[in-house]
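Report on the following structure.
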Amino acid sequence: MQPEEVCKVLEDSGLRGRGGGGFPTGHKWRLTLASKNDVKYIICNGDEGDPGAFMDRSVMEGNPHSVLEGMMVAARAVEACEGYVYVRAEYPLAVERIRAAIHDAERAGILGDNIFGTGKAFKIHVMEGAGAFVCGEETALIASIEGKRGMPMPKPPFPAQHGLWGKPTVINNVETLATVPYILREGAAKFRELGTPNSPGTKTFALTGHVANTGLIEVPFGTTLNEIVNEIGGGVTDTEGHISPDNFKSVQIGGPSGGCLTKDMLALPLDFDSLRSVGAMVGSGGLVVMNRQTCMPAVAKFFMGFTQNESCGKCVPCREGTKQMLALLKDITNGDASEETLPLLEETAKAVRLASLCGLGKTAPNPVLSTLRHFREEYLEHVLRKRCPAGQCAALVLPEILPDKCKGCSLCAKKCPVGAIAGELKKPFRIDGSKCIKCGACKAACKFGAITGI
């Protein structure tokens, strides 16, 4: 097949990037083919950095030859002569198996110089990354391969015109490249039999959280959230791991760059366009199921802490904006927020999304904006009433004496320095939350473990 024919097959298949952006793969290849240069590169992005995501690792460890074959097809499509597999150093088995697969392919004569006697060459190298989340971004990954600090660069120019060492470069993630051989073997029409018209094929998700069955799942695009959570996942679980059908609260999709899906969205088909319409994204494929005992401001704080820590610091909006958002979220969960906190948090999040240089910064506010949109009342409980409805924020948990454990001995009341505990002997005592200073004297005195929230 000629390069133009390969690009046409990929365009007809409708394959979109599985790394999060969802950009049409065939179109990306055609843009690189149109860039005339004697030297072009193919890069496989295996820098899988989302918390809890291991889809790419599974492919590289289980079927590394599919990734290499996808790179070979891409090389033919854009007339590239060299390729790099960029893998996290935390994946030693994936690195070992990719290198072994390259060695096998070279021995078989399908990689190296003068492939099949055609006079054409294609060599693949393995580059181990140091685990920086920002190196999942195309230009930062290129800088890392070049031996520079992994920091994003402004676009344009795009890698298709000016990529690795200034040469036209195709960058696809592991899952995308591993899908290519099937399309070339079976045809674009066969590939389109699964999925939706605008998001054909299947997607691998890492299902985790409060759900009975966790692990990697591969489903056609268009599968509903309800099918994934309640059928494949076996249903939502409570904090003790028991199935609790009515306990569903939300699903965080797309990792630290994604958004929350609520109970009203259980019928939502998961594909690139439908998720974008509700302010979420496929991302790399992380799905975290959360039950009603989950605190949404705390979830936003967790993801913001991750992105703030992983920010490369190059641009001010991301470097300082994520730091300020994290501080505001800490105020909310610590009970130090005021009425001005939520508008300021929202305004800062929108500014970071608009002004950041790369995709990490532009999508960092997504969990904040998403939880604010769908769970604003929960934020207001934290800010105005200094109460965490889920009971997860230690600073906002109301002190309580459990009636089934209290023996009415009055020892806690005697130890309380502010007289916040009252009751009758041999009957459960009560704590007045408005008086309690959470000093812990009562909890230390109680011999029955009846006091919580302190």
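All told, residue 307 falls short of being under 30 Å from residue 221 (Cα atoms), in contact with a strand residue (DSSP E or B) (Cβ under 6 Å, 6 or more places away or on another chain) and assigned to a helix (DSSP H, G or I). Of all residues in segment 122-155, those satisfying the criterion of being without any contact (Cβ under 8 Å) to a residue 60 or more places away in the chain and assigned to a helix (DSSP H, G or I) are 143, 144.
Just one residue in the set 271, 246, 264 is under 19 Å from the mean Cα position of the chain (by Cα), among the acidic types (Asp, Glu) and over 18 Å from residue 349 (Cβ atoms); that residue is 271. Give me the residue from segment 13-42 that is among the basic types (Lys, Arg) and more than 21 Å from the chain's Cα centre (by Cα) and, out of that set, farthest from residue 74 (Cα to Cα). Among those residues, the one meeting the criterion is 36. Summed over segment 95-110, residues that are loosely packed, with under 12 Cβ neighbours inside 10 Å and at pLDDT 95 or above total 1.
Does at least one position in segment 168-189 carry a residue that is assigned to a loop (DSSP other than H, G, I, E, B), at pLDDT 95 or above and closer than 20 Å to residue 80 by Cα?
So the first thing to find is which residues in segment 168-189 are assigned to a loop (DSSP other than H, G, I, E, B), and the list is 168, 187.
The next check asks that each one be at pLDDT 95 or above; those that pass are 168, 187.
In the following step, the residues that additionally are closer than 20 Å to residue 80 by Cα were identified as 168.
Scanning segment 168-189, I find at least one residue that is assigned to a loop (DSSP other than H, G, I, E, B), at pLDDT 95 or above and closer than 20 Å to residue 80 by Cα, so the answer is yes.
None of 50, 56 is of a type outside the set (Gly, Ala, Ser), at pLDDT below 95, crowded, with 21+ Cβ neighbours inside 10 Å and part of a helix (DSSP H, G or I) except 56.
Tell me the residue from 267, 280 that is touching a strand residue (DSSP E or B) at 6+ places or on another chain (Cβ under 7 Å), among the aliphatic types (A, V, I, L, M) and over 21 Å from residue 194 (Cβ atoms), please.
280
Within segment 70-94, the set of residues being in contact with a His (Cβ under 8 Å, 6 or more places away or on another chain) and either crowded, with 24+ Cβ neighbours inside 10 Å or not assigned by TED's automatic domain parsing to the domain that holds residue 115 (or both) comprises 83, 85.
For segment 385-403, a residue qualifies if it is of a type in the set (A, V, I, L, M) and either assigned to a helix (DSSP H, G or I) or at positive phi (or both), and the qualifying residues are 394, 395, 396.
Over 30 Å from residue 58 (Cβ atoms) and hydrophobic (A, V, I, L, M, F, W, C) - does that describe any residue in segment 356-366? The answer is yes; a qualifying residue exists. The test for being touching a Leu at 6+ places or on another chain (Cβ under 8 Å) and either buried (at least 22 other Cβ atoms within 10 Å of the Cβ) or of a type outside the set (Gly, Ala, Ser) (or both) does not hold for residue 316. Evaluation of residue 67 against the conditions (1) among the β-branched types (Val, Ile, Thr); (2) within 30 Å of residue 360 (Cβ to Cβ); (3) surrounded by fewer than 22 Cβ atoms within 10 Å (Cβ to Cβ) shows that the sole unmet condition is (3). Taking segment 160-204 as the range and being under 16 Å from residue 70 (Cα atoms) and among the β-branched types (Val, Ile, Thr) as the test, the residues that pass are 169, 170, 171, 174, 176, 179, 180, 183. Restricting attention to segment 437-454, which residues are assigned to a loop (DSSP other than H, G, I, E, B) and within 16 Å of residue 391 (Cβ to Cβ)? Selection gives 438, 453, 454.
Within segment 207-222, residues that are over 22 Å from residue 273 (Cα atoms) reach partners that are among the small types (Gly, Ala, Ser) and part of a loop (DSSP other than H, G, I, E, B) with beta carbons closer than 6 Å, at six or more positions or on different chains, in the pairs 208/52; 211/233; 212/234; 212/235; 213/233; 213/234.
Assessment of segment 383-394 against the conditions (under 42 Å from the mean Cα position of the chain (by Cα) and of a type in the set (Val, Ile, Thr)) yields at least one matching residue. When residue 156 is tested against (1) modelled with pLDDT of 95 or more; (2) more than 20 Å from the chain's Cα centre (by Cα), exactly one condition is not met: (1).
Residues are listed down the side, and each one gets a yes or a no for (1) within 28 Å of residue 251 (Cα to Cα); (2) touching a residue at least 24 places away in the same chain (Cβ under 8 Å):
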site	(1), (2)
8	no, no
12	no, yes
19	yes, yes
40	no, yes
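Taken over segment 129-152, the residue count meeting the criterion of being under 25 Å from the mean Cα position of the chain (by Cα), surrounded by fewer than 17 Cβ atoms within 10 Å (Cβ to Cβ) and not basic (Lys, Arg) is 2.
Quick check: anything in segment 48-69 β-branched (Val, Ile, Thr), in the same structural domain as residue 161 (by TED's automatic domain parsing) and within 21 Å of the chain's Cα centre (by Cα)? Yes, the conditions are met somewhere in segment 48-69.
The values are calculated or read from the model by the stated rules, or taken from the named source; none is laboratory data. It should be emphasised that the depicted structure is a prediction, and the values quoted were computed from it without experimental measurement. Ideal geometry is used to build each Cβ from the backbone, glycine not excepted, and the neighbour counts take in all protein chains shown.
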